[in-house]
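A short worksheet on the structure shown next.
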Amino acid sequence: MNDTTTPGADFIRDIIAQDLAERLNGGRLHTRFPPEPNGYLHIGHAKSICLNFGVAAEHPGGLCNLRFDDTNPEKEDVEYVDSIQEDVRWLGFDWEERIYYASDYFPSLCRFAEALILAGKAYVCDLSAAEMRDYRGTLTEPGRESPYRERTVEENLDLFRRMRAGEFPDGSRVLRARIDMASPNMNMRDPALYRIRRVTHHRTGDDWVIYPTYDFAHGLSDALEGITHSLCTLEFEDHRPLYDWFLDNLEVPARPRQIEFSRLSLEYTVMSKRKLNALVRAGVVRGWDDPRMPTISGLRRRGFTPESIRQFCRLIGISKSPNRVEYALLENCLRTDLDARAPRAMAVLNPLRVVIVNFPEDRVEELTAPAHPQNEAMGTRRLFFTREILIEQEDFRESASKEYKRLVLGGEVRLRNGYVIRCLEAVKSDAGEVIALRCEYDPATLNVNPVGRKVRGVIHWVSASRCVVGEVRLYAPLFHVPEPDALKGEIAEQVNPDSMTVLADCHLEPGLADPRRDFAYQFERLGYFFRDPDSTPEHPVFNRAVSLRDTWAKIEKQQAGAG
RNA sequence: UGGCGGAUCGUCUAAUGGCAGGAUAGAGGAUUCUGACUCCUCCAGUCUAGGUUCGAGUCCUAGUCCGCCAGCCA
């Protein structure tokens with residue numbers, strides 16, 4: 001897939017181009033992707049990754065760091081650190097040697113804190129969390145100044161050092177910036193800079209009992225790394241004055257600029273790590289990488305390609321507008337990518353037995369089919385035609401209007417990559433259901449259309465004896481409403497109970513016994529399918545990443561609605 | 001009754017005072033050994049009301065609606 005179609009300039013790229021033109025920061029461009037390692041990355045993070053790494057790659061000398069914003073050990077874990085790196089790499093981005101951790105800056109941050117204390121711009125506050133909330137005021141009323149706000153520099157320095165030395169219990173004191181308790185911006189009402197937490201950190205162990213807050217750590221980490229453009233989502237807009245306040249009041253080596261954009265919302269799914277975590281914990285999905293999850297690992301397991309996700313991020317663009325992107329757009333990106341590249345195969349999901357009465361019982365005929373109908377370079381594959389074959393149950397009707405382009409009693413269809421067959425008889429059970437078909441084949445129709453008559457259509461099939469039996473999992477959206485965030489109550493109780501359908505008696509063409517593990521196949525007429533890691537050599541398991549566009553299903557639905 | 005931000009086809013997104021364009025979805029058609037892909041055609045939009053201007057999606061004024069903010073989360 002061509003990654004460069006529709007470059008899609010946006011307001012952030014415009015700002016950056018202008019900054020570069022004005023030789024701001026000496027003409028340097030340096031961004032960063034700053035995840036907190038407290039969960040798996042999702043498609044919303046992909047948007048940020050594509051922006052940050054993308055914008056850096058577009059300019060000569062542009063760089064993008066990977067930085068873990070690991071300032072809250074209570075929620076963080078190395079499991080997430082590892083998965084995040086894997087996901088960013090898989091998406092196709094490279095931070096080279098520039099992998100950083102906010103926790104690496106804890107000593108520097110401490111020095112910054114002391115500098116603020118020395119300047120009379122930070123103080124140790126003994127208010128409890130509840131008292132602090134009370135003193136903070138409300139959205140419409142100013143807050144009140146803490147009784148500890150006027151401590152001397154010496155006292156503050158002493159207290160802060162003793163906080164760090166572990167002399168005080170958890171939560172008993174915080175270091176606060178001394179700004180303005182009457183600010184209409186709540187973030188400026190003497191925000192907390194450091195809190196006491198005796199929690200083992202996944203990188204620094206028990207070295208620290210005080211940890212910096214996001215606001216204090218983030219902008220200063222940016223400055224320490226020489227970041228020029230700090231791109232983040234809209235909910236941090238209110239934090240920008242504070243971000244700038246730290247840069248203005250401390251001696252920092254660089255002057256990064258924070259720019260905010262809208263986070264991604266996708267129809268029929270949730271995006272908050274809290275909610276995704278709840279789904280995992282409640283067991284309604286099989287893990288962070290469940291193919292129904294909007295996580296990078298879930299999309300990967302489902303069969304999405306990095307290219308399709310990057311293309312999606314390109315198409316949705318970057319803006320500050322509220323948005324909720326249609327799920328169909330994501331699916332379309334995958335289809336477009338896979339249509340060009342996915343090898344073709346045949347698989348029957350709901351089998352119906354067909355006996356070719358004029359084909360000898362012991363004969364096995366080898367057929368050749370292209371791996372891709374529009375791309376000869378992808379080569380060919382071998383199929384086996386036998387007296388007994390399997391077709392899709394829904395590809396046969398005893399009678400149907402001529403709009404139905406499949407097999408009917410007495411009618412002819414072509415078996416994809418094979419012969420034309422005519423249905424002579426439907427064999428029924430005592431209950432009256434069709435359990436098998438008796439058909440005859442026309443030996444003159446291999447790679448040749450019959451003369452003087454037109455077949456109804458083309459259906460897929462597999463040999464009943466020369467095939468492998470496997471499992472196929474079909475997926476529907478995790479939620480049945482386009483905006484699940486608006487649902488009330490426990491998120492785990494709201495998931496679509498039919499979000500996964502397991503078909504255990506699927507018959508696949510022989511080549512699928514040992515499928516490629518890096519890429520999806522197109523099962524012709526059904527969609528794109530990707531081998532699931534639950535597969536064993538004896539029992540392949542495939543996930544349907546996305547169906548093909550299904551015009552017939554749409555017609556049938558309309559007719560059902562009209563009738 | 002506080003602060004910050006946002007509003008353009010159904011959806012996402014361009015247009016930086018000068019032809020409202022693209023993508024996707026939708027409708028119709030062509031083609032077809034995938035009811036796929038591809039190709040062609042069509043439908044469809046500037047939140048409201050005033051104002052400035054030769055000219056406004058863009059600037060001004062007043063509204064409306066939506067989002068975020070009262071963690072020692074990020």
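The values are calculated or read from the model by the stated rules, or taken from the named source; none is laboratory data. No experiment lies behind these values; they were computed from the predicted model shown. Reconstructed Cβ throughout: ideal geometry from the backbone, glycine too, with neighbour counts over all protein chains shown. Heavy atoms of the whole protein, side chains included, go into the accessibility calculation; ligands, DNA and RNA do not. Shrake-Rupley method; radii C 1.70, N 1.55, O 1.52, S 1.80 Å.
Numbers below:
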{"quantity": "Single condition A:E237 does not satisfy, out of (1) within 9 Å of RNA strand B (Cβ to nearest atom); (2) surrounded by 18 or more Cβ atoms within 10 Å (Cβ to Cβ)", "calculated": "(2)"}
{"quantity": "Selection from the range A:193-209 of residues that are closer than 21 Å to A:P34 by Cβ and either touching a residue at least 60 places away in the same chain (Cβ under 8 Å) or among the aromatic types (F, W, Y) (or both)", "calculated": "A:L193, A:Y194, A:R197, A:V199, A:H201, A:H202, A:R203, A:T204, A:W208"}
{"quantity": "Matching entry among A:F112, A:F106 (being more than 30 Å from A:K47 (Cβ to Cβ) and assigned to a helix (DSSP H, G or I))", "calculated": "A:F112"}
{"quantity": "Residue selected from the range A:422-458 under the condition of a type in the set (A, V, I, L, M) and part of a loop (DSSP other than H, G, I, E, B), by the criterion most open to solvent (accessible area, probe 1.4 Å)", "calculated": "A:V451"}
{"quantity": "Subset of the range A:125-171 (residues that are touching a Cys at 6+ places or on another chain (Cβ under 8 Å) and open to solvent by 40 Å² or more (accessible area, probe 1.4 Å))", "calculated": "A:Y148, A:R164"}
{"quantity": "Given (1) in a helix (DSSP H, G or I); (2) under 30 Å from A:C110 (Cβ atoms), index of the condition A:A278 fails", "calculated": "(2)"}
{"quantity": "For A:E86: the one exception among (1) under 20 Å from A:I296 (Cα atoms); (2) assigned by TED's automatic domain parsing to the domain that holds A:M163", "calculated": "(2)"}
{"quantity": "Qualifying residue in the range A:172-183 (condition: open to solvent by 50 Å² or more (accessible area, probe 1.4 Å) and part of a helix (DSSP H, G or I))", "calculated": "no"}
{"quantity": "Any hit, the range A:66-75, residues being closer than 14 Å to A:I99 by Cβ, out of contact with any Asp or Glu (no Cβ under 7 Å at 6 or more places or on another chain) and either open to solvent by 10 Å² or more (accessible area, probe 1.4 Å) or part of a helix (DSSP H, G or I) (or both)", "calculated": "no"}
{"quantity": "Those residues of the range A:517-533 which are touching a residue at least 24 places away in the same chain (Cβ under 8 Å) and either more than 23 Å from A:V458 (Cα to Cα) or touching a helix residue (DSSP H, G or I) at 6+ places or on another chain (Cβ under 6 Å) (or both), in sequence order", "calculated": "A:F519, A:A520, A:Y528, A:F530, A:D532, A:P533"}
{"quantity": "Residue in the range A:399-421 that is modelled with the highest pLDDT, counting only those that are open to solvent by 80 Å² or more (accessible area, probe 1.4 Å) and of a type outside the set (G, A, S)", "calculated": "A:K405"}
{"quantity": "Given (1) in the same structural domain as A:L415 (by TED's automatic domain parsing); (2) within 11 Å of RNA strand B (Cβ to nearest atom), number of the condition A:P482 does not satisfy", "calculated": "(1)"}
{"quantity": "Test: residue in the range A:9-23 that is of a type in the set (S, T, N, Q), crowded, with 23+ Cβ neighbours inside 10 Å and either in contact with a helix residue (DSSP H, G or I) (Cβ under 9 Å, 6 or more places away or on another chain) or over 30 Å from A:R198 (Cβ atoms) (or both)", "calculated": "no"}
{"quantity": "Residue under evaluation A:E155, criteria (1) in a loop (DSSP other than H, G, I, E, B); (2) more than 23 Å from A:L220 (Cβ to Cβ); (3) of a type in the set (D, E), criterion not met", "calculated": "(1)"}
{"quantity": "Among the candidates A:A102, A:A113, A:A122, residue that is crowded, with 21+ Cβ neighbours inside 10 Å and closer than 19 Å to A:R67 by Cβ", "calculated": "A:A102"}
{"quantity": "Selection count, the range A:535-563, where residues are more than 13 Å from RNA strand B (Cβ to nearest atom), open to solvent by 10 Å² or more (accessible area, probe 1.4 Å) and under 20 Å from the mean Cα position of the chain (by Cα)", "calculated": "1"}
{"quantity": "Residues located in the range A:317-329, provided they are within 6 Å of RNA strand B (Cβ to nearest atom), open to solvent by 40 Å² or more (accessible area, probe 1.4 Å) and either touching a strand residue (DSSP E or B) at 6+ places or on another chain (Cβ under 8 Å) or within 16 Å of A:C50 (Cα to Cα) (or both)", "calculated": "A:S319, A:K320, A:R324"}
{"quantity": "Pair list, Cβ < 8 Å and 6+ apart or interchain, from the range A:501-516 residues that are open to solvent by less than 40 Å² (accessible area, probe 1.4 Å) to residues that are in a helix (DSSP H, G or I)", "calculated": "none"}
